[in-house]
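Working notes, structure below.
Where a number appears in this text, it was derived from the coordinates with a stated rule and is not lab data. Note that the coordinates shown come from a computational prediction; the quantities given were computed from them, not determined experimentally. Counting neighbours? That spans all protein chains shown, and the Cβs are built from the backbone with ideal geometry, glycine included.
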Amino acid sequence: MKISFLHAFLLFIIILGLESCSSCSRSGLREIAESRKRTNDNLPESQKPHNNLTNQAPILLNESSSKPLSSLFQQNKDAVFLIYTSTGIDGFQGTGFFISEEGIGVSNYHVFEGTSKGLESIQLSDGKRYQISDVLYFDKDNDYIIFKVNNSQKVPALRISDHTPTVGEEVFAIGNPKGLEHTLSTGIISALRDSGEILQTTTEITHGSSGGPLMNMNGEVVGITTAGLGEANLNFAINIQSLPIESFKKKSEFESRGLNNFLPASKCNQIIHHTYFSLSYCEPHEQAEWVAYKLIPEYFSGVSRTNDYREDPKVRTGSATLEDYRNSGYDRGHLLPAGSMKHSYLAMSETFYLSNISPQRNEFNGGAWLSLEEKVRQWTRKSDSLYVVTGGVLHSRLGKIRGTNVSIPEYFYKVIVRFESNRIDGIGFIMENKELKGNIINYAVTIDKVEELTGIDFFTYFPPEIENLLESELLLSNWK
């Protein structure tokens, strides 16, 4: 039976009406994104991305706009990158873009969902690849993620628009559909949905290109492309104004001042730097003599405990192993607690390197040591930041876990410097590796006392007069 043009048109309108009910809300958008997912990286060789596609000619919709679009494309394409994620078995790819020269990027949450943390990387237009070092923030329902890459040099970044585009405004997108790097598509804003938090656009968004930038004709990002309705040619983007971008850009610049200035000297001559902490590894004891880290209030919520205990690949002499602790009768006690690194999957996971672990009696690990960790987080919430150095007191007379080289510390220490407004306070703790009674503040000592016991010189970066005062005084009234 032949179908007339009128019948076909009416059928199209009915389908469009049914689909549009879900796509007007963020939850509907989430459902669409779920159905699209990512581009599978296990593609035939002929379809896999190659660097020779990077400089392909942009796809333009009309000749009259080719000159300004070509210029905008060339100015902005280098800040758009391919994202590679993996489950450990299957690989996927998507699109993202930089919003700061310090390496902060954004994309869709579904590009990362269900993949293995630590296996995410990006590839720039010049072929350079960076690991994703930290997930700063994500919103699963609204399908966006903000992350940081492990870059030592500045990267190209896109400018962010300071207003929501209007219906009818011309826009363009740069993405990687099915691995075809840096493809340009154009369109208009066709509607604003969900109080303007969702931008509906005629700009084509296909598999692999979601997560890229939707930009206005001034070359500013107005949204993150996220999903479409196929033949209906209805595509969507998350309004960039709904993301908490500025707070993370400022935080990144503050963080870049670094932990290195706060590190003690290493007696063991093996300092290792991870993303959010550093340590000095002592091979004769198969553990760290100290672990140093910074705490701010934002670190204490976000992700769940990973429990992925494993060897530290950065220890050149080889770290302790899981077998060393098996049936030892001792807990694998964290030096940097996992509960203080809940703001990102990577930060949480890195605390389970066995270089950050020391054998602790269960009644100590789950008792006084845990109470001290919780007290430190309380102090952090009321401060600008804290710097902490902690570890077991190591010496040649310590016993070992049977059949291993892992020493069993008799005492553990923690030294803390707190920054609050224009005030600096210091405090130390020495705690025996056994069940301890009473308030943990009873185990507070001067930092000088910890230095005397451990032989470690802490906080040498301060001018001598400040260091002496900080380490010799113990004003418990400041720590209540």
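Taking the alpha-carbon distance from residue 128 and a cut-off under 20 Å, which aspartates and glutamates remain once sequence neighbours fewer than 8 residues away in the same chain are dropped?
41, 78, 101, 102, 120, 181
Could you tell me which GluC sites (Glu not before Pro) in the stretch 337-419 are loop residues by DSSP with no more than 15 other beta carbons within 10 angstrom of their beta carbon?
Values: sites: 350, 363, 373, 374, 410; in loops: 410.
Here the GluC sites (Glu not before Pro) that fit, given the DSSP loop and packing criteria, are 410.
Quick check on packing: order 271-279, 351-359 by the mean number of other C-beta atoms within 10 Å, highest mean leading. Show your work: numbers first, answer last.
Numbers: 271-279: 21.0, 351-359: 25.3.
Listed from highest to lowest mean packing, they are 351-359, 271-279.
Mind scanning 77/314; 77/294; 314/434; 382/414; 314/400; 437/480 and naming the pairs with a C-alpha gap bigger than 28 Å? Working shown, then result.
Details: 77/314 35 Å; 77/294 36 Å; 314/434 31 Å; 382/414 19 Å; 314/400 23 Å; 437/480 19 Å.
Violating the 28 Å Cα-Cα cut-off are 77/314; 77/294; 314/434.
What length, rounded to one decimal in nm, is gained on full extension from residue 308 through to residue 321, with 0.36 nm per residue of separation minus their alpha-carbon distance?
Values: separation 13, 0.36 × 13 = 4.68 nm, distance 1.24 nm.
That pair, residue 308 and residue 321, stretches by 3.4 nm at full extension.
Take the Cβ-Cβ distance between residue 478 and residue 371 as r, set R0 to 30 Å, and report the resulting FRET efficiency rounded to the nearest 0.05. Before the final figure, lay out each step's value.
On the way: r = 19 Å, r/R0 = 0.64.
The computed FRET efficiency comes out at 0.95.
So how strong a dipole does the stretch 96-162 carry about its Cα centre when Lys and Arg Cβ are +1 and Asp and Glu Cβ are -1, to the nearest 20 debye? Present the calculation step by step, with values, prior to reporting the outcome.
Values: 7 positive and 10 negative charges, 59 e Å.
About 280 debye.
Output needed: percent of Cα pairs per 5 Å distance bin for the stretch 258-479, bins running from 0 to the one holding the longest distance.
1, 7, 15, 20, 22, 18, 11, 4, 1, 0, 0
Give me the distance between the Cα centres of the stretch 96-112 and the stretch 336-364, rounded to whole Å.
With the stretch 96-112 and the stretch 336-364 each reduced to a Cα centre, they are spaced 27 Å.
Can you check what the net charge comes to around residue 163, using other residues whose Cβ is under 11 Å from the Cβ of residue 163 (Lys, Arg +1; Asp, Glu -1)? Display every interim value, and only then the final one.
Numbers: positive: none; negative: 162, 169, 220.
With Lys, Arg at +1 and Asp, Glu at -1, the net is -3.
Which of the peptides 235-246, 91-102, 378-389, 136-147 is most tightly packed, and how do the rest follow, judged by the mean count of other Cβ atoms within 10 Å per residue? Present the calculation step by step, with values, prior to reporting the outcome.
On the way: 235-246: 21.5, 91-102: 23.1, 378-389: 17.4, 136-147: 19.8.
Highest-to-lowest ranking by the protection proxy: 91-102, 235-246, 136-147, 378-389.
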